[in-house]
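Student: What follows is a structure written as structure tokens; I'll ask about it next.
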Amino acid sequence: MKVVVVGDVGLDVVAQHDEPIVYGGDSRAAVTVTGGGAGANTALWLQDRGAETTLVARVGDDAGGRLLRHELETAGVRCVFAVDPATATCCVVVLVDAKGQRTMLPDRGANKRFCPDDVPTTCLEGADHLHLSGYVLLDPSSRAGGLAALARAKRMGLTTSVDPQAAALLTDPRAFLADVQGVDLLLPNADELRALTGSSEPEAARQLLDTVGSVAVTFGLEGAAWIDGDGIVTAPAKSVPCVDSTGAGDAFNAGFLTAWLQGASPAVALDHGAELGAKAVSRIGAQP
């Protein structure tokens, strides 16, 4: 099973704070620096699940970019990185409260300049599937690169999936759905489903089936659902303490995809996704 992931890679500065943030003052926190970026997160979880994974991204010509490449390659991920001489590698400040819920302050850095030339046809040769992080499409400066990746994958016979990634950035749902027309699988969470359809109910995902082949929606503690032309299949979430919710959806994507691509039923694939999502929230950081 060979999967190509196109998406962001960056450094996460995770600050856990038990007390409310004091704006204009000091708030004590436990700070950890880890690898991050939705594309890198999913690529590492895919690799952890036994997929042969390639990550296509753009980094800066800096220590952060070199460190991230080293860590990813050490974990077995093949890195096809464009190196940007003018822009720093992505960095995200992640604020995690006492309940494990995260607030992110992202600087996409070099990822903002991702372009069609960053997706060489050779990186898709022999692959079975392409997964695209929606951040690439939702930023006008990198959208062309995301569209090129999807078009080349389709032309070469790969199946495709897209995670919309950020409900707050889905300000033009019609344009986004036009961009993902013909994708085999859409992987929104409940907020992203609402942004695209006006409702977060699983039934609302049926509206998307004229655009994509199927939909797998995550609902946090309420579990997940698969929606296609044959109906709706649901699965419960795993009950674990939430330490840090960063990257839970990226991990779910990897668990779901590795099962689905090997022919598992929707119910089994949802369960695999829930399992990895639970592992992600039970630790600090978004990666295995």
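The values are calculated or read from the model by the stated rules, or taken from the named source; none is laboratory data. Note that this is a predicted model, so its numbers are computed, not measured. Cβ atoms come from the backbone with ideal geometry, glycine included; neighbour counts cover every protein chain shown. Surface accessibility is based on the protein's heavy atoms, side chains included, excluding ligands, DNA and RNA. Shrake-Rupley method; radii C 1.70, N 1.55, O 1.52, S 1.80 Å.
Student: If each Cα of the stretch 23-88 is one equal point scatterer, what is log10 of I(q)/I(0) from the Debye formula at q = 0.11, 0.18, 0.19, 0.20 Å⁻¹?
Tutor: Each listed q maps to, in turn, -0.34, -0.69, -0.74, -0.79.
Student: Would you mind computing Rg(Cα) / (2.2 N^0.38 Å) for the stretch 149-206, counting N as its residues?
Tutor: For the stretch 149-206, the normalised Cα radius of gyration comes out at 1.16.
Student: Over its Cα atoms, what ratio of radius of gyration to 2.2 N^0.38 Å does the stretch 19-140 give?
Tutor: Scaled against compact globular proteins, the figure is 1.19.
Student: Give me the 1.4 Å probe accessible area per residue for the chain, excluding ligands and nucleic acids, in Å².
Tutor: Computed with neighbouring chains in place, this is 43 Å² per residue.
Student: Additional query: How big is the equivalent ellipsoid of the chain along its three axes, where each semi-axis is √(5λ) from the Cα gyration tensor, reported in whole Å from largest to smallest?
Tutor: 26, 24, 18
Student: About the Cα centre, and with charges only on the beta carbon of Lys, Arg (+1) and Asp, Glu (-1), how big is the dipole of the chain? Nearest 20 debye, please.
Tutor: 340 debye
Student: Hey, quick one: spin label on Arg174, modelled 7 Å out along Cα-Cβ, who in the stretch 110-138 has an amide N within reach, i.e. under 19 Å?
Tutor: From the stretch 110-138, the list is 138.
Student: Less than 29 Å apart at the alpha-carbon level, and either on another chain or at least 8 residues along: which lysines does that give for Lys279?
Tutor: Output for Lys279: Lys2, Lys99, Lys238.
Student: When the accessible area of the chain is computed with all protein chains present and a 1.4 Å probe, what percentage of it is carbon and sulfur?
Tutor: 51 percent
Student: Would you mind counting up the charge near Ala82? Only other residues with Cβ under 11 Å from its Cβ, with Lys and Arg at +1 and Asp and Glu at -1.
Tutor: -2
Student: Another question about this same structure. With every protein chain in place, what's the accessible area of Trp226 (1.4 Å probe, Å², nearest 10)?
Tutor: 20 Å²
Student: If you take the Cα atoms of the stretch 136-241, find Rg, then find the Kirkwood Rh from the mean of 1/r over all pairs, what is Rg/Rh?
Tutor: Answer for the stretch 136-241: 0.98.
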